[in-house]
Amino acid sequence: MLHLDTSKISGTVSAAELHALQGKATEALHMLHAGSGKGSDFLGWLNLPSSTSLAELSDIQATAAKLTAGADVVVVIGIGGSYLGAKAVIDAQLHTFDALQDKSKRTAPPVLFAGQNIGEDYLSELMETLQGKTVSCIVISKSGTTTEPALAFRIIKNFIEQTCGKSEAKNRIVAITDKSRGALRTTADKEGYKTFVIPDNIGGRFSVLTPVGLLPIACAGIDIVALVHGAAEMERNTAQHVPFEKNIAAQYAAARNALYAKGKKVEALANFNPKLHFVAEWWKQLYGESEGKDGKGIFPASVDFTTDLHSLGQYVQDGERMLFETVLSVAKTKRCVTIPSDEENLDGLNFLAGKRVDEVNRMAELGTLLAHVDGGVPNIRIELSDLSEHTLGELIYFFEKACGISGYMLGVNPFDQPGVEAYKKNMFALLEKPGYEKETAAIKVIINR
Ligand code: PA5
């Protein structure tokens, strides 16, 4: 279950100002459902959880079972929307030190990622780690032409073919891509890989509840049925007919737009549980690519507390007042550690002996909230009852829905990303990619100026 608390924005946004945005948020919600707003070709995610059949989920689970059978490692290749959702759920769910866990304690092989950067050291160390291991691979690219995953796939494909043989490689590689277009589709069809389709009407950053996210998550041994059920519950709870007073997606969208109008241009998504680090990374892509356009948009940042209270805490408390915080608070941890008593008590911490570590964390969270609100940082709080698959499913859909509403309130098309092409054009020109001769000549002039 999720609970949203926007009461701590009242120092910046009055109840009347927030109330004034209710109509706009409700209108945006209706635009989403009517498909009457910008980018309405990309609304496939809107009713996805409730329309995903058990047969589709079973196919994904069966494929995961085949990929993981006899594998020492599963490598998932993808970037952006083809990476972050799966990484977020897997990190939130699995043991923090999963990769170091004893083989006997594991229910699934470790899932490692590639193609989410062009780091030569990263790739080299990954390949060194894979030596002598049986590797399965999921390669994910909607376009099929993204440089980072395409480079990584060349290397991993070669490795699997060399270690298992070409015919076994066919069973060890699954591609998730466009239904008919792109280089990855061509390769998959030629090699005879099992494939899953990324629907045309779902953009990368909204694709975690498609096979893009679900197959890697299933390979990690995580319950994808519960994840999708959680998302479907949030789909019902934020549906068009749910009034603003009960619709937490509309409320969150209204609160952040009200804060933006008051000059709060940066939203820091804060967690007090390091398992949520990559949920924030996923959220940053979702909101950054959806809203950062036409010279507008809240800059989505993230902080891991209490870690970052010892680095960014000073700025948050005392720096320029253009920030607000949205705290992801987990009511129930997965595990329990009790603080021991110490005979010498040199650190003076015996007053905490017998308490749970989480109790200390909870007081850190409350103390931080009071300090930051006092320091002029409005606070939105999202409480998660726990870190179960069901709750994570709810959280994912909540953020997606609120993002669509918020983008329409801001007046942008939340479903395109024209800005991400600029660096690629320069990179290809610099690398002298065939077809980029004009751009190469132009960029050389600028560089040699
Ligand atoms: O949101 C987007 O579309 C991008 O950030 C993509 O997620 C990212 O570039 C990966 O694209 P693809 O799946 O086509 O390789």
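Odds and ends about this structure:
- Some residue of the stretch 95-109 being assigned to a loop (DSSP other than H, G, I, E, B) and within 22 Å of GLY404 (Cα to Cα): no
- Residues of the stretch 366-408 classified as in contact (Cβ under 8 Å) with a residue 12 or more places away in the chain, open to solvent by 10 Å² or more (accessible area, probe 1.4 Å), part of a helix (DSSP H, G or I) and under 20 Å from VAL266 (Cα atoms), total: 5
- Any hit, the stretch 360-380, residues being of a type in the set (Lys, Arg) and under 21 Å from GLU291 (Cα atoms): no
- If the condition is being closer than 30 Å to VAL330 by Cβ and among the hydroxyl-bearing types (Ser, Thr, Tyr), then the stretch 1-25 contributes THR6, SER7, SER10, THR12.
- In the stretch 431-449, the residues that are outside any helix (DSSP H, G or I) and either more than 22 Å from THR147 (Cα to Cα) or of a type in the set (A, V, I, L, M) (or both): LEU431, ASN448, ARG449
Results for (1) within 24 Å of VAL13 (Cβ to Cβ); (2) of a type in the set (S, T, N, Q); (3) touching a residue at least 60 places away in the same chain (Cβ under 8 Å), shown as yes or no for each residue.
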| position | (1), (2), (3) |
| --- | --- |
| GLY295 | yes, no, no |
| ARG321 | yes, no, no |
| THR326 | yes, yes, yes |
| VAL330 | no, no, no |
| LYS334 | no, no, no |
| LEU346 | no, no, no |
| ARG356 | no, no, no |
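- Subset of the stretch 6-41 [assigned to a helix (DSSP H, G or I) and in contact with a helix residue (DSSP H, G or I) (Cβ under 7 Å, 6 or more places away or on another chain)]: GLU17, LEU18, GLN22, LYS24, ALA25, THR26, ALA28, LEU29, MET31, LEU32
- Of all residues in the stretch 419-436, those being open to solvent by 90 Å² or more (accessible area, probe 1.4 Å) and either touching a helix residue (DSSP H, G or I) at 6+ places or on another chain (Cβ under 9 Å) or touching a residue at least 12 places away in the same chain (Cβ under 8 Å) (or both) number 4.
Here is a yes/no grid of residues against (1) under 19 Å from the mean Cα position of the chain (by Cα); (2) open to solvent by 10 Å² or more (accessible area, probe 1.4 Å); (3) modelled with pLDDT under 95; (4) farther than 22 Å from TRP45 by Cα:
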| residue | (1), (2), (3), (4) |
| --- | --- |
| HIS229 | yes, yes, no, no |
| THR238 | no, no, no, no |
| PHE244 | no, yes, no, no |
| TYR252 | yes, no, no, no |
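- Yes/no for ALA258 being of a type in the set (A, V, I, L, M, F, W, C), buried (at least 24 other Cβ atoms within 10 Å of the Cβ) and farther than 28 Å from THR195 by Cα: yes
- The stretch 45-70: number of residues that are part of a loop (DSSP other than H, G, I, E, B) and surrounded by 18 or more Cβ atoms within 10 Å (Cβ to Cβ): 3
- Answer residue from the stretch 262-288, given it is open to solvent by less than 40 Å² (accessible area, probe 1.4 Å) and among the charged types (D, E, K, R) and is farthest from the ligand (Cβ to nearest atom) among those: LYS264
- Number of residues in the stretch 289-321 that are exposed (fewer than 15 other Cβ atoms within 10 Å of the Cβ) and at negative phi equals 10.
- Hey, GLU161 modelled with pLDDT of 95 or more and more than 21 Å from GLY213 (Cα to Cα) or not: yes
- Residue under evaluation LEU94, criteria (1) surrounded by fewer than 22 Cβ atoms within 10 Å (Cβ to Cβ); (2) of a type outside the set (Phe, Trp, Tyr); (3) within 16 Å of the ligand (Cβ to nearest atom), criterion not met: (3)
- Among the residues of the stretch 71-93, those that are farther than 11 Å from PHE278 by Cβ and not in a helix (DSSP H, G or I) comprise ALA71, ASP72, VAL73, VAL74, VAL75, VAL76, ILE77, GLY78, ILE79.
- Qualifying residue in the stretch 196-213 (condition: open to solvent by 20 Å² or more (accessible area, probe 1.4 Å) and of a type in the set (Lys, Arg)): no
- Subset of the stretch 49-88 [more than 16 Å from the ligand (Cβ to nearest atom), closer than 17 Å to GLU389 by Cβ and among the hydrophobic types (A, V, I, L, M, F, W, C)]: LEU54, LEU57, ILE60, ALA64
- Scanning the stretch 344-363 for residues that are assigned to a helix (DSSP H, G or I) and exposed (fewer than 14 other Cβ atoms within 10 Å of the Cβ) yields PHE351, GLU359, MET363.
- Residue identified as among the small types (Gly, Ala, Ser), closer than 18 Å to VAL74 by Cβ and in contact (Cβ under 8 Å) with a residue 40 or more places away in the chain among ALA175, ALA169, ALA108: ALA108
- The set of residues in the stretch 184-195 that are open to solvent by less than 30 Å² (accessible area, probe 1.4 Å) and small (Gly, Ala, Ser) contains only ALA188.
The values are calculated or read from the model by the stated rules, or taken from the named source; none is laboratory data. This one's a predicted model, so the numbers in the text were calculated from it and none came from an experiment. Reconstructed Cβ throughout: ideal geometry from the backbone, glycine too, with neighbour counts over all protein chains shown. Side chains included, ligands, DNA and RNA excluded: accessible areas come from the protein's heavy atoms. Shrake-Rupley method; radii C 1.70, N 1.55, O 1.52, S 1.80 Å.
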